[in-house]
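Undergrad: Handing you this structure, nothing more for now.
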Amino acid sequence: MRVVPADLLSRIGSWPLVRAVLAPTPRSMRRIALAGVIADTAIMSTGAAVRLSSSGLGCPDWPQCSTADIVASKNAGQTLLNTWIEFSNRLLNFPLVVIAALVFIAAWRFLPQEPQGPGGEKRRDLFWLGVAQPAGVVAQAVIGGIVVLTKLAPAAVSVHFLVSASIVAAAVTLYTRCGEGTAAPTAVVRRDLRLLSAALVAVTAVMLAAGTVVTGTGPLAGNAAAPRYKLPLEGVTQLHADIGWLMTGLAVALVLGLRVSGAPPRVMRAAWTMIAALGLQGVIGYVQYFNHLPAGLVWFHVTGAVLVWIAVLRLFFSLRDRGPVNTVRTGQVATAPARQPEPLDR
């Protein structure tokens, strides 16, 4: 067995990407975590494109494209374009796996600097959030196979989308936490505003679930032959809109409360980003409905829903503070924070 030369290993270890993953700094850790957020969002968006282009059965088998071919090929009842759209979405899982693995390794190796020595304790919170990324990919591969083998059963498709939303939430949490310290959380706004933000997160999650029911009931369920929820489309669409108006009311009340209470600038930036994303999403939602659900606009609406979900989570996390990541070097003295916020109830 050939032994890899030590100088080659040293050169590989000096590569910026390898160093960023195996010895991540707080900055590189956040960049890697951000890559995870982007990758998870992209796979959700392309998955929506598969369904909305009626390509859900473009590859009718799993894990092969069909019983006869591993790669994309013409299948009965499907155009070659449908097959390639579905197959391309499957291929995107490979870079997603790579990014998920890099996120996990970086979270496992992340070792913030401590004042008393060269390195501190590993962050277990980041480790488990990092585990969620490759674990989510495996779970989605299994659920995706079930979706195909059940010919796009609406319940399976809904679970597939909502698990993806959960993975995005874990990625956003990781991105937030790797930029924070391990101090006990302290509040930066009033308790009632924090509760209002938590309610907004919960209602947004319900909104995502209701959206999967609307899609699974309507004409864009992934394939003309795909089963649908046996529900009135007008009724589930109205419920979806009602939840949207509830979200809007909560969001407007939250932003106004933050504004009049003098919330910190970073909180207000997150709040305005959230309200802008939600407003644009509402406009797209009504335009697509009154234009009889054109697939292109519905795709923008689904992608917008994921971006709203991220914005709502980012605002929620901005309402408390855990201090900075400890990067104090030996011989340096940490300065005390300028203000001490009120303790945050656990």
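Undergrad: Step by step: first the residues of the range 104-136, then only those that are out of contact with any Phe, Trp or Tyr (no Cβ under 7 Å at 6 or more places or on another chain) and at pLDDT 90 or above, then the one that is surrounded by the fewest Cβ atoms within 10 Å (Cβ to Cβ). Which residue is that?
TA: That would be Trp128.
Undergrad: Something else: For the condition at pLDDT 65 or above, open to solvent by 30 Å² or more (accessible area, probe 1.4 Å) and under 23 Å from Lys122 (Cβ atoms), what is the one hit in Arg51, Arg30?
TA: Answer to the selection: Arg30.
Undergrad: Restricting attention to the range 174-194, report how many residues are surrounded by 16 or more Cβ atoms within 10 Å (Cβ to Cβ), acidic (Asp, Glu) and either over 25 Å from the mean Cα position of the chain (by Cα) or part of a helix (DSSP H, G or I) (or both).
TA: Count: 0.
Undergrad: Please go through (1) out of contact with any Gly (no Cβ under 8 Å at 6 or more places or on another chain); (2) under 19 Å from Leu52 (Cβ atoms) for His160 and return the number of the only condition it doesn't satisfy.
TA: Condition (1) is where His160 drops out.
Undergrad: Okay, moving on. Quick check, is Leu278 surrounded by 14 or more Cβ atoms within 10 Å (Cβ to Cβ) and either hydrophobic (A, V, I, L, M, F, W, C) or part of a helix (DSSP H, G or I) (or both)? Talk me through it step by step, then tell me what you get.
TA: Details: surrounded by 14 or more Cβ atoms within 10 Å (Cβ to Cβ): yes; either hydrophobic (A, V, I, L, M, F, W, C) or part of a helix (DSSP H, G or I) (or both): yes.
So Leu278 fits the description; yes.
Undergrad: So, one more: In the set Val236, Val283, which member is assigned to a helix (DSSP H, G or I), within 22 Å of Val159 (Cα to Cα) and either at pLDDT below 95 or under 25 Å from the mean Cα position of the chain (by Cα) (or both)?
TA: The conditions single out Val236.
Undergrad: Quick one: which of Leu254, Leu297 is closer than 30 Å to Thr186 by Cα and part of a helix (DSSP H, G or I)?
TA: Answer to the check: Leu254.
Undergrad: How about the range 138-155: which of its residues are in a helix (DSSP H, G or I), surrounded by 17 or more Cβ atoms within 10 Å (Cβ to Cβ) and over 19 Å from the mean Cα position of the chain (by Cα)?
TA: Val147, Val148, Pro154 - these are the residues of the range 138-155 that are in a helix (DSSP H, G or I), surrounded by 17 or more Cβ atoms within 10 Å (Cβ to Cβ) and over 19 Å from the mean Cα position of the chain (by Cα).
Undergrad: Here's another thing I want to ask about it. Among the residues that make up the range 240-247, is at least one of them of a type outside the set (A, V, I, L, M, F, W, C), open to solvent by 40 Å² or more (accessible area, probe 1.4 Å) and in contact (Cβ under 8 Å) with a residue 40 or more places away in the chain?
TA: Scanning the range 240-247 turns up no residue that is of a type outside the set (A, V, I, L, M, F, W, C), open to solvent by 40 Å² or more (accessible area, probe 1.4 Å) and in contact (Cβ under 8 Å) with a residue 40 or more places away in the chain.
Undergrad: Across the range 195-222, what is the number of residues that are in contact (Cβ under 8 Å) with a residue 24 or more places away in the chain, aliphatic (A, V, I, L, M), more than 25 Å from Met29 (Cβ to Cβ) and open to solvent by 20 Å² or more (accessible area, probe 1.4 Å)?
TA: Result for the range 195-222: 11.
Undergrad: Which count do you get for residues in the range 164-176 that are touching a residue at least 60 places away in the same chain (Cβ under 8 Å) and within 25 Å of Pro26 (Cβ to Cβ)?
TA: The number of residues fulfilling the criteria is 9.
The values are calculated or read from the model by the stated rules, or taken from the named source; none is laboratory data. Here the structure is a predicted model, which is why all the values come from computation and not from measurement. Here the Cβ is made from the backbone with ideal geometry for all residues, glycine too, and neighbour counts use every protein chain on show. We work out accessible area using only protein heavy atoms, side chains counted, and drop any ligands, DNA or RNA first. Shrake-Rupley method; radii C 1.70, N 1.55, O 1.52, S 1.80 Å.
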